[in-house]
1. Regarding region 36-53, can at least one residue be identified that is modelled with pLDDT under 80 and surrounded by 10 or more Cβ atoms within 10 Å (Cβ to Cβ)?
2. Would region 82-96 turn up any residue that is surrounded by 10 or more Cβ atoms within 10 Å (Cβ to Cβ) and modelled with pLDDT of 85 or more?
3. Condition first: over 27 Å from the mean Cα position of the chain (by Cα), of a type outside the set (D, E, K, R) and outside any helix (DSSP H, G or I). Now tell me which residues in region 68-102 satisfy that.
4. So is GLU76 modelled with pLDDT of 80 or more and of a type outside the set (Lys, Arg) or not?
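The values are calculated or read from the model by the stated rules, or taken from the named source; none is laboratory data. Remember, it's a predicted structure, so these values are computed and weren't measured experimentally. Methodologically, a virtual Cβ is constructed for each residue, glycine included, from the backbone with ideal geometry; neighbour enumeration extends over all protein chains shown.
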Amino acid sequence: MAALFRSSLLLQRTSTIAPTILSRNIGMSGVVWAKMDKNSDPIQRLFVEKIQSYKQKSKNSGKLFGVTPEIEAEIEKEMGQIKRRFGGGNLEEFPKFDFAEK
């Protein structure tokens, strides 16, 4: 009788724990498959490779890659407007605030 009670108790515990374990395993396998399948799409892979090549070309030349003189003039014009509006200075640096205590 005690063995029957233990087996029913074990079955009851298993039936409550098993769905939790199963859902965890299914969730983990989804993450694993997503990581394995990350660059399997050929279009996505080509897109990432093209972005990396543009980044490398831009880094090697020290400026934007593939920019025409018209675009460079437009960029300079826009940067001049921004400098006039926001007081000039280095626009790539975070502004320094000085709070005077009274």
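1. From region 36-53, those modelled with pLDDT under 80 are 36-40; that's our starting set.
Adding the requirement that they be surrounded by 10 or more Cβ atoms within 10 Å (Cβ to Cβ) leaves 38-39.
There is at least one residue in region 36-53 that is modelled with pLDDT under 80 and surrounded by 10 or more Cβ atoms within 10 Å (Cβ to Cβ).
2. Yes - at least one qualifying residue is present in region 82-96.
3. Kept after step one, since they are over 27 Å from the mean Cα position of the chain (by Cα), are these residues of region 68-102: 68-90, 96-102.
Imposing the further condition that a residue be of a type outside the set (D, E, K, R) reduces the set to 68-69, 71, 73, 75, 79-82, 86-90, 97, 99-100.
If the condition is that a residue be over 27 Å from the mean Cα position of the chain (by Cα), of a type outside the set (D, E, K, R) and outside any helix (DSSP H, G or I), then THR68, PHE86, GLY87, GLY88, GLY89, ASN90, PHE97, PHE99, ALA100 are the ones that fit.
4. Numbers: modelled with pLDDT of 80 or more: yes; of a type outside the set (Lys, Arg): yes.
Yes, satisfied.
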